[in-house]
Amino acid sequence: MQRMTIRFLTAITAIFVNLMSLSAQELKFTDSRFKSYLLTNDSINFDSNKKEISILEAQSFNGTIDVSNMKIKSLEGIEAFVKLTKLICSGNKLTNLDLSKNLALEFLDCKNNAIEQMNISQNQLLKEVKIYNNRISNIDLTGNINLVHLSARNNPLKTLNITKNLKLQSIYCQNTQISELDVRKNKYLIWLYCADNLLQELDVSENKELVELACSNNKLNNLFLNENTSLVFLDCQNNQLTKLDLRNNLKVTTLYSNGNVGLTICVLESQLNHRWYRDINPFNEEDKIRTNEIQTNCKD
């Protein structure tokens, strides 16, 4: 009994010493603006030393850090916030972002920076990621298995692998440099915006929940939408389509199809009264789809 008591007291002492050590250890920051934000946040800077952030303070914090539009160049020190759930750092001057230690992170908004390198490969709890308007050419999303919303537009991405992100509902990847996009495993997709890329093929046959599809300004020769019966909005302008069959897409109310030379649109007679337009200006009556472009007697 005495031996067990000694072991217990030894363990408690070790924990206490460790906590005291963490409390005494100060985080190092290279950006004064980032440090200043943390120092003025009472939820983070809670101990008696108000001039520094200790490792213990960082490890104890489990809320949101919002440092948007503060001209911050580095988030060095963020790695100590292991319980951080939400990070908003948009509108800064970041060029690198490593969040591999922030395993509790669920929401990330780092848009409108100059980020070239970023690491979120270990963040399995991430549900929403906004990385648009950066300089990211490569990103590993295979570990983000709970991702629901992804906005990555306006980045020089060469590839975008989302085959492991089975919970995705929205993808915004316009104006990148991707030539392939495999969405066949993303069966819960509702919004797919992949315009202004180099896509030659796009298979959405498995995306039966799809409501909005914007794939304009690509190099698509075919677009088969027979399985997308929930589709409401379609923008397929400026591709190389010659036939567009919408006879199964009875919910489509908005269609932009301008810039596809010789395009024939196949519909049912019941769809003829839909207010469909050739381009993005629905108030210009001259831009309505011409009668000779739409047919109700298409042959399969």
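For this structure, a couple of remarks:
- Counting only Cα atoms, the size of the range 71-178 along its three principal axes is 33, 26, 16 Å, in decreasing order.
- Hypothetical label at residue 203: residues of the range 172-187 whose amide nitrogen lies under 12 Å (7 Å Cα-Cβ projection): 181-186
- Relative contact order for the range 141-205, counting Cα pairs under 8 Å that sit 6 or more residues apart, in percent: 31
- Inter-centroid distance (Cα atoms) of the range 96-154 relative to the range 49-82, Å: 18
- Helix 2-24 axis versus longest C-alpha principal axis of the chain: approximately 70°, rounded to the nearest ten.
- Applying a 4.7 Å Cβ-Cβ cutoff to the chain leaves 89, 110, 173, 194, 215, 236 as cysteine residues with no disulfide-compatible partner.
- Dividing the summed helix terms, -39500 (n - 2.57) for each DSSP H run of n ≥ 4, by the number of residues in the chain produces a 222 nm estimate of -4000 deg cm²/dmol to the nearest 500.
- Fully extending the segment from residue 240 to residue 299 would add 19.3 nm, taking 0.36 nm per residue of separation and subtracting the current Cα-Cα distance.
- Counting 0.36 nm for each residue step from residue 253 to residue 116 and taking away their Cα separation leaves a gain of 45.4 nm.
- Projected-area mean, the chain, by convex hull of Cα positions, square nanometres: 21.0
- Kirkwood radius, the range 161-264, all distinct C-alpha pairs, inverse of mean reciprocal distance: 13.5 Å.
No lab work stands behind these numbers, since they all come straight from the coordinates. Remember, it's a predicted structure, so these values are computed and weren't measured experimentally. When we count neighbours, we look across all protein chains shown, and the Cβ atoms used for this are built from the backbone with ideal geometry, even at glycine.
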